[in-house]
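Structure first, commentary second.
The values are calculated or read from the model by the stated rules, or taken from the named source; none is laboratory data. Computed from a predicted structure; not experimentally measured. Don't worry about glycine lacking a Cβ; one is built from the backbone with ideal geometry, like all the others, and counts go over all protein chains shown. Calculation scope for accessible area: heavy atoms of the full protein, side chains included, ligands and nucleic acids excluded. Shrake-Rupley method; radii C 1.70, N 1.55, O 1.52, S 1.80 Å.
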Amino acid sequence: ALAPFLAPHQKVLDIGCGNGIVSEQIRDRFKCDITGTDVLNYLRTDTPFRRISNGLIDSSPKEFDVGLFIDALHHIEFDSQVQALREGLRVCRQILVFEVKPTFISKGIDVVMNHFHNRDMAIPLAHRTLEGWENLFRKADIKCVSLVVLRPFRVYPIDNYMFALMPP
């Protein structure tokens with residue numbers, strides 16, 4: 001799903017990078033220059049890191065070509081999601097959002113996975129439907145293109161959404 005948007009040598013910011021495993025895989029697959037950022041540093045990789053403090057990313061405006069929110073926005077309370085997106089758009093020329101469709105199974109997987117990644121991380125389960133995300137972006141005056149994400153195999157237990165966001 002990310003392939004049409006990432007190219008070698010791009011500066012990429014993984015917003016909500018968690019333990020950095022996905023950041024490392026993206027760096028290796030796309031040969032990009034990736035930096036992780038999160039409210040806590042619990043990286044298990046050698047990914048460069050910048051902390052998010054009081055909702056602000058330690059970065060210059062438009063320092064990064066692409067920002068990624070990979071299964072991260074639903075970890076942010078509903079009323080703070082727009083602020084997080086605007087901050088991402090402040091430091092990145094474009095944002096890609098990869099989110100999970102809210103179902104009982106996907107929320108259960110999220111709780112279990114987070115238990116292993118970081119037991120201290122808040123899990124607000126602030127998921128939205130496809131239409132819910134699109135409405136949020138529209139109300140926040142953020143340009144959005146919704147993209148189809150195919151399941152990796154037929155019996156894969158979750159569905160995902162992907163959005164390409166640009167500043168107004």
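Numbers below:
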item	result
Output for region 33-42, where each listed residue is surrounded by fewer than 19 Cβ atoms within 10 Å (Cβ to Cβ) and modelled with pLDDT of 95 or more	Asp33
Check on Asp14, open to solvent by less than 20 Å² (accessible area, probe 1.4 Å) and of a type in the set (D, E, K, R)	yes
Check on His75, in contact (Cβ under 8 Å) with a residue 40 or more places away in the chain and either open to solvent by 20 Å² or more (accessible area, probe 1.4 Å) or within 21 Å of Leu150 (Cβ to Cβ) (or both)	yes
Residue identified as open to solvent by 60 Å² or more (accessible area, probe 1.4 Å), touching a residue at least 40 places away in the same chain (Cβ under 8 Å) and more than 16 Å from Phe69 (Cα to Cα) among Ala122, Ala140	Ala122
The listed residue being loosely packed, with under 15 Cβ neighbours inside 10 Å and of a type outside the set (Asp, Glu), out of Val97, Val155	Val155
Counted residues, region 74-91 - those being among the β-branched types (Val, Ile, Thr) and either assigned to a helix (DSSP H, G or I) or in contact with a His (Cβ under 9 Å, 6 or more places away or on another chain) (or both)	2
From Gly67, Gly88, residue being open to solvent by less than 20 Å² (accessible area, probe 1.4 Å), in contact with a Cys (Cβ under 6 Å, 6 or more places away or on another chain) and either farther than 28 Å from Lys11 by Cα or not hydrophobic (A, V, I, L, M, F, W, C) (or both)	Gly67
Residue in region 61-73 that is at positive phi and not in a helix (DSSP H, G or I) present	yes
All positions within region 22-60 that are assigned to a loop (DSSP other than H, G, I, E, B) and either closer than 14 Å to Asn118 by Cβ or of a type in the set (Gly, Ala, Ser) (or both)	Val39, Leu40, Asn41, Tyr42, Leu43, Arg44, Gly55, Ser59, Ser60
